[in-house]
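**Q** Pasting a structure below so you can have a look.
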Amino acid sequence: MRTLRRVSSWLPLLQPPGSWRAAACCRLTAPPAAALRHKHPPPLLSRPFTVSLCRLRNEEDSSNTRTEEEEEEEDEDVPGDSEVEDLFQQHVPVGIGGQHNVFIVHPNVKWGSRKQHLTTAELMMAEAEGLVKTLDNWTVVDKIILSTKTPEKKRIFGKGNFQSLTERIRQTSGINAVFVNVDRLSPLSEREFEEAWGVKVFDRYSVVLHIFRCNARTKEAKLQISLAEIPLLRSRLKNEMANLDQQGGGSRYIGGSGETLYEVQQRLLKERELKIRSALEKLRRKRHLRRAQRKHKEFPVVSVLGYTNCGKTTLIKALTGDRSLQPRNQLFATLDVTVHAGQLPNHVTVLYVDTIGFLSQLPHQLIDSFSATLEDIKYSDLLVHVRDISHPETVNQKENVLNVLKDLQIPDRLMSSMLEVHNKIDLVDNYQPAEPDALLISALEERGLDKMKTAVEEEVMKSTGKHVLNLKVDLSTPQLSWLHREATVQDVQVNADEGTAVVKVIISAATHGRYKKAFEGR
């Protein structure tokens, strides 16, 4: 990868501490940092992995940056922009775009396996409102929390509650959509509700997926969204065919092909799904190659994760000084995992991975479609879990994040060493953490960052088995080129009179052993 080759070629030119700052600037649609503190929305998502151009900046902080996609040569095996865009724009679910005045219905399950124990119906309703308000041209007109003992039934509610709900929806002027705050509605339930209420009906899956579509930027984000839309398209197709059957046209054969209209549509969706999966597999192989190249150059990788709007991007901006990052107070503002270079107190360069936020009750089909983009977390050297401790559901959010990490089968070594960072302490008076090892910070005000950097440094050096060494080399031998090839060179101080140099390197014990065997044993 051209970007990583450039990074490695720059490292020998690093000046002593204080004269440079590394920052990788990523394409990231973002919002005002100050706004990040006040809204409390929710998510798990995953964004496609885009390593951005890592460019050294001098004290004047000139910023001439381009993304990796602009820098790297197009790989012939990777799907092109036009191919991805064609797949992204084909068979877009109809009815969800445009302007919607929404009535939100939250079924409050009283008991059973579907009852939520770590939150309240009011907070879940607030989360649903946050989802709707994320979308342009969507407005919450009215809302209701309605108890149910039968969430598995076609109408979800009992006969009496359903009748009263129907009357209220019909009497509410101006609405043209109802958002039922459940993971997924069956095609039968969706059709039943639309016939009863006379407006379009959405579930959590369709709303979250539409938010994803509105924020997709990279190839992988668009392909993952297109894949996640397949179940939604199949559900809509079933409803359309049921309507045709009622009119006597659903079973007609097409042009003597022996296939019904429903079978033709199902076949086309299956072919589209196979194309999308093939394209995603090509991008996955490319991402694997990038990861291998970073591993070869021994860049420690720190993955920063947490609930949406916990302040991950703001924190990375504070840690790296990357002014191009402008965090937005918006759910799912970006779906792209991005990488930014920063410096630890011992002047070791690390790559901070800004992962997509997590969401409570993310529909399982979305987890399945997007978990692949969190694959790189498994190969990190350290995980940093950022929590918004000002949020009323901070404990529940932590549980959601840990449950997702468990589902992703994150290695025990990463889970046991994971740092927990309590962010937004500026919004809580006299905050006292329940977890004794938690790191207390305000990313926005850049409070507590020195202590956090020290903790990251200790864990990174421990997990990688690397050390920072100053090695004296003879410039008439291949020692220096060997270190450039096999380790990460941080600094070179040349003594021209002696024909030697003192080289500061990040090097593992195994690599140092090979170095000594190759040169010091002579």
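**Q** Scan region 497-518 for residues that are over 38 Å from the mean Cα position of the chain (by Cα) and touching a residue at least 40 places away in the same chain (Cβ under 8 Å) and jot them down.
**A** 515 - this is the single residue of region 497-518 that is over 38 Å from the mean Cα position of the chain (by Cα) and touching a residue at least 40 places away in the same chain (Cβ under 8 Å).
**Q** Does residue 345 count as closer than 30 Å to residue 468 by Cβ and either open to solvent by 10 Å² or more (accessible area, probe 1.4 Å) or at pLDDT 90 or above (or both)?
**A** In short, yes.
**Q** Evaluate region 431-438: report whether one residue or more is open to solvent by less than 70 Å² (accessible area, probe 1.4 Å) and modelled with pLDDT of 95 or more.
**A** Among the residues of region 431-438, at least one is open to solvent by less than 70 Å² (accessible area, probe 1.4 Å) and modelled with pLDDT of 95 or more, which makes the answer yes.
**Q** Within region 178-186, is there a residue that is touching a residue at least 12 places away in the same chain (Cβ under 8 Å), surrounded by fewer than 21 Cβ atoms within 10 Å (Cβ to Cβ) and under 30 Å from residue 281 (Cβ atoms)?
**A** Yes: region 178-186 contains one or more residues that are touching a residue at least 12 places away in the same chain (Cβ under 8 Å), surrounded by fewer than 21 Cβ atoms within 10 Å (Cβ to Cβ) and under 30 Å from residue 281 (Cβ atoms).
**Q** Could you identify the single residue in 505, 489, 473, 468 that is at pLDDT 90 or above and either among the β-branched types (Val, Ile, Thr) or open to solvent by less than 40 Å² (accessible area, probe 1.4 Å) (or both)?
**A** Only one candidate passes the filter, namely 473.
**Q** Taking the condition of being over 14 Å from residue 389 (Cβ atoms) and within 23 Å of the chain's Cα centre (by Cα), how many residues in region 419-445 meet it?
**A** Residues meeting the conditions: 1.
**Q** Considering only residues that are surrounded by 14 or more Cβ atoms within 10 Å (Cβ to Cβ) and closer than 18 Å to residue 189 by Cβ, which ones fall in region 138-163?
**A** Within region 138-163, 144, 146, 148, 150, 151, 155, 156, 157, 158, 161, 162 meet the criteria.
**Q** Is region 223-231 home to any residue that is open to solvent by 20 Å² or more (accessible area, probe 1.4 Å), assigned by the TED database to the domain that holds residue 270 and either more than 30 Å from residue 79 (Cα to Cα) or out of contact with any Phe, Trp or Tyr (no Cβ under 6 Å at 6 or more places or on another chain) (or both)?
**A** yes
**Q** Suppose we keep only residues that are among the aliphatic types (A, V, I, L, M) and open to solvent by 20 Å² or more (accessible area, probe 1.4 Å) within region 440-454. Which one would you say is modelled with the lowest pLDDT?
**A** The qualifying residue modelled with the lowest pLDDT is 444.
**Q** Follow-up question, since we're still on this one. Could you list, in sequence order, the residues of region 375-412 that are modelled with pLDDT under 90, among the polar types (S, T, N, Q) and assigned to a helix (DSSP H, G or I)?
**A** 396, 397, 400, 403
**Q** Look through region 190-235, keep the residues that are aromatic (Phe, Trp, Tyr) and part of a helix (DSSP H, G or I), and return whichever of them is nearest to residue 281 (Cα to Cα).
**A** 212
**Q** Read through the list (1) farther than 15 Å from residue 387 by Cα; (2) of a type in the set (Ser, Thr, Tyr); (3) under 22 Å from the mean Cα position of the chain (by Cα), then give the number of the only condition that residue 464 fails.
**A** (3)
**Q** Can I ask one more? Identify all residues within region 399-421 that are among the acidic types (Asp, Glu) and in contact with a helix residue (DSSP H, G or I) (Cβ under 9 Å, 6 or more places away or on another chain); write none if there are none.
**A** Correct list: 407, 420.
This table checks each residue for (1) within 17 Å of residue 382 (Cα to Cα); (2) among the aliphatic types (A, V, I, L, M); (3) touching a Leu at 6+ places or on another chain (Cβ under 6 Å); (4) not assigned by the TED database to the domain that holds residue 488.
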| site | (1), (2), (3), (4) |
| --- | --- |
| 392 | no, no, no, yes |
| 420 | yes, no, no, yes |
| 429 | no, no, no, yes |
| 438 | yes, yes, no, yes |
| 445 | no, no, no, yes |
| 454 | yes, no, no, yes |
| 458 | yes, no, no, yes |
| 471 | no, yes, no, no |
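**Q** Based on what the data block shows, is residue 389 surrounded by 18 or more Cβ atoms within 10 Å (Cβ to Cβ), in contact with a helix residue (DSSP H, G or I) (Cβ under 8 Å, 6 or more places away or on another chain) and free of Cβ contacts under 8 Å to residues at least 40 places away in the same chain?
**A** no
Residues are listed down the side, and each one gets a yes or a no for (1) among the hydroxyl-bearing types (Ser, Thr, Tyr); (2) over 22 Å from residue 301 (Cα atoms):
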{"position": "417", "(1), (2)": "yes, no"}
{"position": "433", "(1), (2)": "no, yes"}
{"position": "438", "(1), (2)": "no, no"}
{"position": "447", "(1), (2)": "no, yes"}
{"position": "450", "(1), (2)": "no, no"}
{"position": "460", "(1), (2)": "no, no"}
{"position": "485", "(1), (2)": "no, no"}
{"position": "515", "(1), (2)": "yes, yes"}
{"position": "519", "(1), (2)": "no, yes"}
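The values are calculated or read from the model by the stated rules, or taken from the named source; none is laboratory data. Treat the numbers as computed from the prediction; the structure is a model and nothing was measured. Here the Cβ is made from the backbone with ideal geometry for all residues, glycine too, and neighbour counts use every protein chain on show. In case anyone asks, the SASA skips ligands and DNA or RNA and just uses the protein heavy atoms, side chains included. Shrake-Rupley method; radii C 1.70, N 1.55, O 1.52, S 1.80 Å.
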